[in-house]
Amino acid sequence: MRALTWHGKRDVRVDTVQDPILKEDSDIVVRITSTGICGSDLHLYEIMGPFLDPGDILGHEPMGVVEEVGSSVTVLAAGDRVVIPFNISCGHCYMCEQGLHSQCETTQVRERGTGAALFGYTKLYGQVPGGQAEFLRVPFGDSLPIKVPDGPPDERFVYLSDVLPTAWQAVEYAHIPPGGTVTVLGLGPVGEMAARIALHRGASLVVGVDLVPARLARSKAHGIEVLDLREHGKHVGDAIRARTDGRGTDAVIDAVGMEAHGAPVAKAAQWVTGLLPDAVAERLMEHAGVDRLSALYTAIDVVRRGGTISLAGVYGGMADPLPLLTMFDKQIQLRMGQANVKRWVDDILPLLDDQDVLGVEGFATHTMSLEDGPKAYEMFQQKQDGMIKTLLKP
């Protein structure tokens, strides 16, 4: 089959690789019909190379049609249409029963001290072949895949793999009071969808902060009050307090993460780490890595006293300096973590009917072939051609 594979920093290629096969009686094989490129895939493209090997298959936002099922699978059959959550969870362990599917005890990567295995996402999370490919082996065929109806286009459902549950959890963790206010930092796919969800769930004011004109314009068209970081810079907190009686918003969602704009020292440290031999860089990142924390510092500034910060953007540093005095003094609540995809599916599915209240159809700005995957990664990183969300069609 054809698959998008990692070969080095800013070097992804479409290779012919071995077709996946059933390894366990509970496995299924899915023929992929749509698969997204996630903002966190850019961390692999740019920073996380020490935890990847050449030829690793990328991607964790797939959906498709069941091609083959293992002998113990009873819920699905060949021809069923399914979305595959990005975290690999068994559905029946203690953590899964708590709704913490991203911490699944069956698939935790214990040798790395990390949570549930993820599709297409480095040795830190199991080095499992990903979904930017023609076919994908999926374990736990009776409990992991999300069966969806035939008929509507893939775009109606594909975001159940990651974007929708990640954004939904970000809003849930933000604990916005009824009629409350929230700032969303970063209007990429997850940030913009979180802003849409916050509006849908009754927030009276949703402020979106970004510096990419296409993102700002699109969010504004969906009823989000936008602030251009290029205009407000370090004074964005003042602009938000001016809209909230001097307090700041009840909650802040940081949908940016480790590669925030405006952190030259941390950016340089990440760049230098990328030049080291993998064994050295891996140890450094696991024990002394730092992130670009501009977005998180902004969140701490912007949130009102007693408010909540919800981290949806991916962070990976082990030595990140945090202003704990300020956080303690402001009585900030902080929640974070990989989305527990299966936990939120029942809440989200009713919104994916023909009314499409979240605007999932048309959410992708670009649809490209799998063969154009390397070009899509480059365009996404460079924010070219107004690219915000891309679906690949194997």
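The values are calculated or read from the model by the stated rules, or taken from the named source; none is laboratory data. Fair warning: this is a prediction, and the values are worked out from it, not measured in the lab. FYI the Cβ positions are ideal-geometry reconstructions off the backbone, even for glycines, and counts take in every protein chain you see. For accessibility, only protein heavy atoms count, side chains too; no ligands or nucleic acids. Shrake-Rupley method; radii C 1.70, N 1.55, O 1.52, S 1.80 Å.
Would you mind getting me the FRET efficiency between ASP385 and LYS234? Use the beta-carbon distance for r and R0 = 35 Å, nearest 0.05.
Values: r = 30 Å, r/R0 = 0.85.
Efficiency at R0 = 35 Å is approximately 0.70.
When Lys and Arg each count +1 and Asp and Glu each count -1, what net charge do the other residues less than 10 Å away from ASP27, Cβ to Cβ, add up to?
-1
Excluding VAL226 itself, what net charge comes from residues whose Cβ is under 9 Å from its Cβ, given Lys and Arg +1 and Asp and Glu -1? Intermediate values should be presented prior to the final figure.
On the way: positive: ARG215, LYS220; negative: ASP210, GLU225, ASP228.
Around VAL226, the charge tally is -1.
In the range 1-68, which chymotrypsin sites (Phe, Trp or Tyr not before Pro) are in a loop and have at most 11 other Cβ atoms within 10 Å, using DSSP for the loop call?
Working: sites: TRP6, TYR45, PHE51; in loops: none.
In loop regions of the range 1-68 (DSSP not H, G, I, E or B), there are no sparsely surrounded chymotrypsin sites (Phe, Trp or Tyr not before Pro).
Could you report the accessible area of ILE47 in Å², rounded to 10, computed with a 1.4 Å probe on the protein chains as they sit in the structure?
Approximately 20 Å² of ILE47 is accessible to the 1.4 Å probe.
Give the carbon-plus-sulfur fraction of the accessible surface of the chain in %, rounded to a whole number; probe 1.4 Å, heavy atoms of protein chains only. All intermediate terms of the calculation are to be shown ahead of the outcome.
Numbers: 8470 of 16410 Å².
So the carbon and sulfur contribution to the accessible surface is 52 percent.
For the range 1-128, just the Cα set please: Rg and Dmax, both in angstrom.
In order Rg, Dmax, the Cα atoms of the range 1-128 give 15.1, 42 Å.
Order 101-112, 9-20, 180-191 from most to least packed using the mean count of other Cβ atoms within 10 Å. Can you show the working numbers first?
Values: 101-112: 19.2, 9-20: 15.2, 180-191: 27.8.
In descending order of packing, they fall as 180-191, 101-112, 9-20.
Given N residues in the range 77-133, what is Rg(Cα) / (2.2 N^0.38 Å)? Walk me through the intermediate numbers first.
Numbers: Rg = 12.2 Å, N = 57, 2.2 N^0.38 = 10.2 Å.
My calculation over the Cα atoms of the range 77-133 gives 1.19.
I'm checking a number: the convex hull volume of the Cα atoms of the range 163-208, normalised per residue, in Å³. What is it? Walk me through the numbers on the way to the answer.
Numbers: hull volume 2.4 nm³, N = 46.
In the range 163-208, the Cα convex hull volume per residue is 51 Å³.
What is the sum of charges, Lys and Arg at +1 and Asp and Glu at -1, for the other residues whose Cβ falls under 14 Å from the Cβ of ASP142?
Working: positive: LYS147, LYS342; negative: GLU24, ASP25, ASP27, ASP80.
Around ASP142, the charge tally is -2.
If you look at just the Cα atoms of the range 303-374, how large are its Rg and its Dmax in Å?
Every Cα atom of the range 303-374 included, Rg and Dmax give 18.7, 52 Å.
Per the helix-only calculation at 222 nm, which mean residue ellipticity applies to the chain, given -39500 (n - 2.57) for every DSSP H run of n ≥ 4 and division by its residues, nearest 500 deg cm²/dmol?
Details: 13 runs with 108 residues, N = 394.
Per the formula, -7500 deg cm²/dmol.
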